[in-house]
Amino acid sequence: MRFLVIAALIVTGCHAAPNDGQKQAVEQTPKHPWRKLPDGSWGWLEASPSEKFANEQAERCWPSKGRWDCLSASTLVQVGDMEPPMVFASRYIKARYTDPAIGIGDDAVRGGYSCQSINGKMIRESIFQNGQGGTSHSLQTNDVLIGQQGGGVVWSPDFVVRYMRENSVEATLRYLDCLHVTTMISENSLATINTTSLKYGMMTGRDDVMLYDMEGRKEEP
């Protein structure tokens, strides 16, 4: 994703080329200020302000069956605007928590679930599948007006997982409890997701911390 900060090793013609050990050390250097939380998860938070917009990005990864189950979130608000920010959130699996975050537009993303909160007033959920040539196909969209009677209801994790299974969606981006996560951010700040306020089961949307896999078997989400 564009907000990743990449550490570069600059070699000029008057310096010797780095050896394999030096290269490996650079590759293993974390690209973000990761910190460990009491539950064994790791997270980071960074800001990318500009003249017109205040932009922050954060990521938190929980250990899960030898891999890492990660939540990525970002906020965007116009400088001087008193309304809650736009919040974008996604969830994915990584081999190592220090691996690069996965964005919705990345080549590695085949499809799945995405969500955003629009100024704390509306939740927009989407299930999508990417096609050849980078074309993205929205298969199902759900707009929910928060706190309004008749404003709709957010999707359940069962619905999302079942829909993706039945329609053969390659779910690189997995279901997350969009309403809970984005409301927590809108009412507090993006930094909240890297505190004990957010627990793993809250992020996955299941009290029993279980989801169905793509074959319909229950698994840890």
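The values are calculated or read from the model by the stated rules, or taken from the named source; none is laboratory data. A quick note: this is a predicted structure, and the numbers were derived from the prediction, not measured. Quick reminder, even Gly has a Cβ in these numbers, built from the backbone with ideal geometry, and neighbours come from all protein chains shown. Protein only, heavy atoms only, side chains kept; ligands, DNA and RNA dropped before computing areas. Shrake-Rupley method; radii C 1.70, N 1.55, O 1.52, S 1.80 Å.
Annotations
- If R0 is 35 Å, the Cβ-Cβ spacing of ARG110 and LEU145 corresponds to a FRET efficiency of close to 0.70.
- Across the stretch 28-120, the convex hull enclosing all Cα atoms gives 134 Å³ per residue.
- Measuring r between the beta carbons of GLN78 and ASP99 and using R0 = 30 Å, the FRET efficiency lands at 0.40.
- Near VAL154, once Lys and Arg are set to +1 and Asp and Glu to -1 for all other residues with Cβ below 12 Å from its Cβ, the sum equals -2.
- By DSSP, the beta bridges lying fully in the stretch 79-203 are antiparallel in about 95 percent of cases.
- With a threshold of 27 Å on the Cα-Cα distance, the over-threshold entries among LYS36/LYS65; LYS94/LYS121; LYS52/LYS199; LYS65/LYS199; LYS65/LYS121; LYS31/LYS121 are LYS94/LYS121; LYS52/LYS199; LYS65/LYS121; LYS31/LYS121.
- For SER117, neighbours were defined as the other residues whose beta-carbon sits under 13 Å from its Cβ, and their charges (Lys and Arg +1, Asp and Glu -1) total -3.
- With the cut-off at under 17 Å, measuring from each backbone N in the stretch 36-62 to a point 7 Å along the Cα-to-Cβ line of THR196 picks out 36-43.
- For LYS52 and TRP34, the difference between the fully extended length at 0.36 nm per residue and the C-alpha to C-alpha distance is 3.7 nm.
- Extension gain for MET122-ARG165 works out to 12.8 nm (0.36 nm per residue, less the C-alpha to C-alpha distance).
- Sorting HIS32, HIS180, HIS137 by accessible area puts them as HIS137, HIS180, HIS32; the probe is 1.4 Å, largest comes first, and only protein heavy atoms count.
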